[in-house]
Amino acid sequence: MSKILYAHIAIFLVNALYGINHMIAKGVMPEYLKPNVFILFRAAGATFLFWLIKLLFVREKVKRKDMLLLAACGMFGVTVNQLFFFNGLSLTSSINSGIIMTINPILVVILSFFLLNERITWRKSIGIAIGATGAILLTLAAGTGSGDSFLGDFYIFVNAMSYGLYLVLVKPLMKKYKPLTVITYVFSFGLLFVMMYPPTLNEFFQTDFSRIPMEAIYKILFVVVFVTFLTYLLTVFGLKHLSPSVSSAYIYLQPALVVFFAFTLGALGIADDYTDTITIEKGVYMLIIFTGVYLSSSSSFLRKTR
């Protein structure tokens, strides 16, 4: 298989893991860990793993002039992104969070046009428009179940904007360095900024770790290793071969993936049940979203694999 196809598979896996994360992380916060403490564990654990792998397999130095851009990627791709996602998820339902994330591709296309001079084709524009229409309709129908929160939804929206900016900012670095080098420095800066955020250490010392059950610990480890370390590694690999707008288009799959895992994990008793927010109407809107994903990503995929 070509590297382009592997890149598409990698980005799909990233969004599948993010879809699972909406349920898994929700089961830990805020009962056992406050959002900022969870983020500290996530950033620290992933940073340790990235440096471990880099020191063993990748000998590559980064130029001093690129440090500022790496710091910006750490700020928007790790700190702001995760602070708003986890704090938003602790307030709103996992279904709502998956739905709101679909605004990301539109933001990425706009930012890529201004910052990277990436051309917006008619096919991509139509795909984005169709996907956005489905996402908007789905969002309007989203406030019908349990766990709704305007503030939580707003935090998830800020999270989507921050992650979109990260996807655009990190793209030029992908052309200069190996993916592992980039993500290691991005997380190092991100961890530093998370620790500088005043509530983080205060909440850490206030946490009663003795009352956290093994089930919650397993969920925390899953988020650190798979939803953080693996997803960010797969994302930078995907960005090596795909444009930011194509990569972000896969986020349109998240509402459907979140619904799928809500049913699956809820039935298995692994996560809380938010399936009361799912209706046939939302299913139709998800099919519209799928159509938008196909149109916005297939043209790039077919063009690069010929």
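Within the range 152-173, residues that are under 21 Å from Tyr185 (Cα atoms) and small (Gly, Ala, Ser) have Cβ atoms under 6 Å from residues that are open to solvent by less than 10 Å² (accessible area, probe 1.4 Å) and assigned to a helix (DSSP H, G or I) in these pairs: Gly164/Asn104; Gly164/Val108, counting only partners at least 6 apart in sequence or on another chain. Only one of the numbered conditions (1) crowded, with 23+ Cβ neighbours inside 10 Å; (2) not in a helix (DSSP H, G or I) is not met by Val186, and that is (2). Being within 17 Å of the chain's Cα centre (by Cα) and not acidic (Asp, Glu) is a property that Phe84 has. Scan the range 227-239 and tell me whether some residue there is open to solvent by 80 Å² or more (accessible area, probe 1.4 Å), in contact (Cβ under 8 Å) with a residue 12 or more places away in the chain and in a helix (DSSP H, G or I). Checking the range 227-239: not a single residue is open to solvent by 80 Å² or more (accessible area, probe 1.4 Å), in contact (Cβ under 8 Å) with a residue 12 or more places away in the chain and in a helix (DSSP H, G or I). Is there a residue being outside any helix (DSSP H, G or I), at pLDDT below 90, out of contact with any Gly (no Cβ under 8 Å at 6 or more places or on another chain) and surrounded by fewer than 18 Cβ atoms within 10 Å (Cβ to Cβ) anywhere in the range 258-275? Scanning the range 258-275 turns up at least one residue that is outside any helix (DSSP H, G or I), at pLDDT below 90, out of contact with any Gly (no Cβ under 8 Å at 6 or more places or on another chain) and surrounded by fewer than 18 Cβ atoms within 10 Å (Cβ to Cβ). Taking the range 1-21 as the range and being assigned to a helix (DSSP H, G or I), open to solvent by 30 Å² or more (accessible area, probe 1.4 Å), of a type in the set (A, V, I, L, M) and over 24 Å from Phe261 (Cα atoms) as the test, only Leu5 passes.
The values are calculated or read from the model by the stated rules, or taken from the named source; none is laboratory data. Bear in mind the structure is a predicted one, so any value in this text is a computation, not a measurement. Virtual Cβ from ideal backbone geometry, glycine too; neighbours counted across all protein chains shown. Heads up: the accessible areas ignore ligands, DNA and RNA and are worked out on the full protein's heavy atoms, side chains in. Shrake-Rupley method; radii C 1.70, N 1.55, O 1.52, S 1.80 Å.
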